[in-house]
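Below: the structure, in structure tokens.
The values are calculated or read from the model by the stated rules, or taken from the named source; none is laboratory data. Bear in mind that the values here come from a model prediction, so they are computed numbers and not experimental data. When we count neighbours, we look across all protein chains shown, and the Cβ atoms used for this are built from the backbone with ideal geometry, even at glycine.
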């Protein structure tokens with residue numbers, strides 16, 4: 001039984017049974033027909049995944065590992081804010097006529113900042129610190145930049161990643177752990193997508209920094225299920241979890257900027273059928 005499935009089922013059950021509803025309140029998101037997209041939500045959801053034990057991909061339905069890795073690399077590696085640099089169309093509704101999503105996500109990763117050691121963008125600074133000062137408690141990124149919010153077509157949902165290095169007794173290499181902070185998470189469409197993305201990121205950074213992967217902690221301020229998603233989620237969490245897949249990362253890649261989605265695979269990834277035609281609120 002996949003541990004990620006267990007976490008997902010328990011989280012969804014808790015949100016549906018014990019969450020609070022926004023029905024009748026003033027909300028920003030709308031369905032395609034223009035009606036308000038209400039949610040049932042829980043505040044302060046924290047999920048923990050030990051990546052040494054298994055890769056946290058759902059088996060209740062398939063998570064597209066190459067597509068979610070492509071989006072991750074679009075932000076962290078290409079540091080792009082243009083959908084033409086992305087192979088999927090998930091950001092199309094947020095882009096302007098030139099394909100830009102404004103000063104959001106990858107744009108913030110590309111901005112260089114002054115440090116004592118010189119100029120770095122946030123990604124390069126993380127890699128520098130992991131290699132040169134791994135026990136620092138200051139290794140983090142933050143793309144929720146208030147002065148630029150008015151020029152972002154969407155405020156960042158997953159906005160901060162904090163890295164922390166430990167050493168497991170009896171292990172030669174250091175362990176790379178990460179805490180993903182997310183202000184908002186659409187549980188059906190995006191929860192496992194984000195979990196898999198940042199699990200992949202930890203695997204990649206651990207490899208290029210000669211570490212082993214550790215734990216991923218996912219902190220969600222507002223974990224919600226949209227009203228039109230509740231029947232779909234109820235169907236999903238009734239399914240029987242299958243064994244977790246095995247994760248493969250191309251061991252030849254030692255430079256973070258050399259990774260491609262083809263360097264990531266899930267082996268023996270058996271899943272239930274996909275849920276199709278999920279309505280998306282924007």
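Things worth noting here:
- Some residue of region 130-141 being over 20 Å from residue 201 (Cβ atoms), part of a strand (DSSP E or B) and free of Cβ contacts under 8 Å to residues at least 60 places away in the same chain: no
- Filtered residue count, region 79-109, keeping only those that are exposed (fewer than 14 other Cβ atoms within 10 Å of the Cβ), in contact (Cβ under 8 Å) with a residue 12 or more places away in the chain and part of a helix (DSSP H, G or I): 2
- Taking (1) farther than 27 Å from residue 253 by Cβ; (2) in a strand (DSSP E or B); (3) without any contact (Cβ under 8 Å) to a residue 24 or more places away in the chain in turn, residue 162 satisfies each apart from (1).
- Filter pass, residue 253 being modelled with pLDDT of 95 or more and not in a helix (DSSP H, G or I): yes
- Among the residues of region 248-282, the ones that are more than 19 Å from residue 190 (Cβ to Cβ), surrounded by 13 or more Cβ atoms within 10 Å (Cβ to Cβ), touching a residue at least 24 places away in the same chain (Cβ under 8 Å) and in contact with a helix residue (DSSP H, G or I) (Cβ under 7 Å, 6 or more places away or on another chain) come to 4 in all.
- Among the residues of region 196-223, those that are part of a strand (DSSP E or B), over 20 Å from residue 68 (Cβ atoms) and either without any contact (Cβ under 8 Å) to a residue 12 or more places away in the chain or over 15 Å from the mean Cα position of the chain (by Cα) (or both) comprise 212, 214.
- Count of region 165-192 residues which are in a helix (DSSP H, G or I) and more than 12 Å from residue 218 (Cβ to Cβ): 2
- Of all residues in region 150-177 being under 22 Å from residue 43 (Cβ atoms) and modelled with pLDDT of 95 or more, the one that is surrounded by the fewest Cβ atoms within 10 Å (Cβ to Cβ): 155
Okay, residues lined up against (1) part of a loop (DSSP other than H, G, I, E, B); (2) surrounded by 13 or more Cβ atoms within 10 Å (Cβ to Cβ); (3) in contact with a strand residue (DSSP E or B) (Cβ under 7 Å, 6 or more places away or on another chain):
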{"site": "9", "(1), (2), (3)": "no, yes, no"}
{"site": "13", "(1), (2), (3)": "no, yes, no"}
{"site": "34", "(1), (2), (3)": "yes, no, no"}
{"site": "53", "(1), (2), (3)": "yes, no, no"}
{"site": "58", "(1), (2), (3)": "yes, yes, no"}
{"site": "66", "(1), (2), (3)": "no, yes, yes"}
{"site": "70", "(1), (2), (3)": "no, yes, no"}
